[in-house]
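The values are calculated or read from the model by the stated rules, or taken from the named source; none is laboratory data. As the structure is a prediction and not an experimental result, all values here were calculated from the model. Note that each Cβ is placed from the backbone with ideal geometry, even for glycine, and that neighbours are counted across all protein chains shown. Protein only, heavy atoms only, side chains kept; ligands, DNA and RNA dropped before computing areas. Shrake-Rupley method; radii C 1.70, N 1.55, O 1.52, S 1.80 Å.
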Amino acid sequence: MIYLDNNATTRIHPEVREAMEPWLSPEGYGNPSAGYRFGKRAREAVETAREEVAALVDAEPEEIVFTGCGTESNNTALLSAVQCHPERRIVVTSAAEHSATEQPCAFLESTGYDVRRNPVDSRGNLDLDALREAVVPGQTAVLSLIWANNETGVLSPVAEAAAIAREAGALFHTDAVQAIGKIPVSVRGAGIAMLSMSGHKLHAPKGVGALYVSRHARFQPLLLGGGQEGGRRSGTENVAGIVGFGAAARLMRKALDGDRIANLRALRDRFEAGVLAAVEEVEVNGDRENRLANTSNLYFPGIDGEGLLILLDEAGVCCSPGSACGSGSVKPSRVIKAMGFSTERARSSVRFSVSEFNTIAEIDEAVEAIRAAAGKLRIVMPKNLGRVISRR
Ligand SMILES: Cc1ncc(COP(=O)(O)O)c(C=O)c1O
């Protein structure tokens, strides 16, 4: 199998797994809230992991709240922001968010909030002038922006957006689920009130996330109960998952200093150049400079993306038709459409995302598989006929 879907989820790093094992064993299953030593050991492991996750984003450990996933972090951030400022009725976000932001925003809209989805241009870059107009001082509860887009990898102007929020007195939240570990992220002095993370995107297991909450920000928890996480997220901690997240954060932080990102870029660029040369008319979706080093979102004119995915699956290549966090839905990508493109382009686009576990040989094999699959699909579905069929 050639796994090119690392924005959907990643392989657990062997060192992460090793770090987790004691906490899944008879020696380590204690409840971190318990008063005896068996529990206290688990508490210490959680607190060490908190330090490691905090260090990855340059925060203080007490500003890190462990959650169950990135989706929970985003929901918590948005709902907290509006509850802390009930008199403010505007929520500003972008038109290219992950559903873990878009859906809570749609929910708020259904309860009467004025949700403003800021446009992006054809390369996926945010329109900052429109953003300045949308964020009304005194009336905006929160500005929430995805830091790195999960489908195209395009990066948001986080510093500028945080400044706009600050001037308007609005909270700034960023969904950094795809950004952490792939670009340097620092909350220090950045005007970020809350920042969402998820373990399984950086070689930790699924089912663990975190929310950075600035100690200067007001906060209202989503989950109420036993008062874990300093009362900010009740529920017995997923100790093994949290330890795994901590280990992954440590590895990623070290790797940011090394040549991991350059290696990811080299793999992605080789892949992209290979496909552009092998299949006629292919275009890159999203800004080719201002994006994550590991992501390549490609438009295959006249080729049905779902069909391509099936043939590539048969050839052992895993990739994604846009956001894979849904439940196998075949809806055209909202993000590609937000960039002003047709449903046909959205349906004919496929996302490939590499990790450090990919090899050059795999990249070359994947390019060959794409060449073969695209050739077959274009014979079955001549270009113009394909366009008509896939538009339905
Ligand atoms: C940008 C972004 N935000 C949020 C999420 C949701 O994270 P989780 O799967 O941990 O709920 C994802 C997952 O794909 C994502 O890519």
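The long axis of helix 158-168 is offset from the longest Cα principal axis of the chain by roughly 50 degrees.
Among the chymotrypsin sites (Phe, Trp or Tyr not before Pro) within segment 8-58, those in coil by DSSP and having at most 15 neighbouring Cβ atoms inside 10 Å are Tyr29, Tyr36. At a 1.4 Å probe radius, carbon and sulfur cover how many percent of the accessible area of segment 14-255? Of all accessible area on segment 14-255, carbon and sulfur atoms account for 51 percent.
The heavy atoms of Asp121 present about 70 square angstrom of accessible area, all protein chains included, probe 1.4 Å. What's the longest uninterrupted piece of the chain once you rule out the GluC sites (Glu not before Pro) that are loop residues per DSSP with at most 15 other Cβ within 10 Å? Longest run free of exposed loop sites: 88-279.
Each residue of segment 211-228 was assigned a 3J(HN,Hα) from its phi angle through the Karplus expression (A = 6.51, B = -1.76, C = 1.60, θ = phi - 60°), giving 10, 7, 10, 4, 5, 8, 8, 6, 8, 10, x, 8, 9, 10, x, x, x, 5 Hz with x at Gly and Pro.
In the chain, the longest principal axis of the Cα atoms and the axis of helix 239-257 are about 60 degrees apart.
Per residue, how much accessible area does the chain show when a 1.4 Å probe rolls over the protein heavy atoms, in square angstrom?
Working: 16270 Å² over 392 residues.
On a per-residue basis, the chain sits at 42 Å².
In this structure the amide hydrogen of Asp175, modeled in the peptide plane, comes within under 5 Å of the amide hydrogens of Leu145, Ile146, Trp147, Ser196, none closer than 5 places in sequence on its chain.
Phi angles across segment 190-203 convert, under the Karplus curve 6.51 cos²θ - 1.76 cosθ + 1.60 with θ = phi - 60°, into 3J(HN,Hα) values of 8, x, 9, 7, 9, 9, 9, 9, 9, x, 6, 8, 10, 6 Hz, Gly and Pro given as x. With all protein chains in place and ligands, DNA and RNA left out, the 1.4 Å accessible area ranks Lys40, Lys201 as Lys40, Lys201, largest first. Taking the chain as a Gaussian network of alpha-carbon nodes connected by springs under 10 Å, the highest mean-square fluctuation of the residues Gly138, Gly225, Gly199 belongs to Gly225.
So for the chain: antiparallel DSSP bridges make up what percent, rounded to the nearest 5?
Numbers: 20 of 40 bridges.
The answer is about 50 percent antiparallel.
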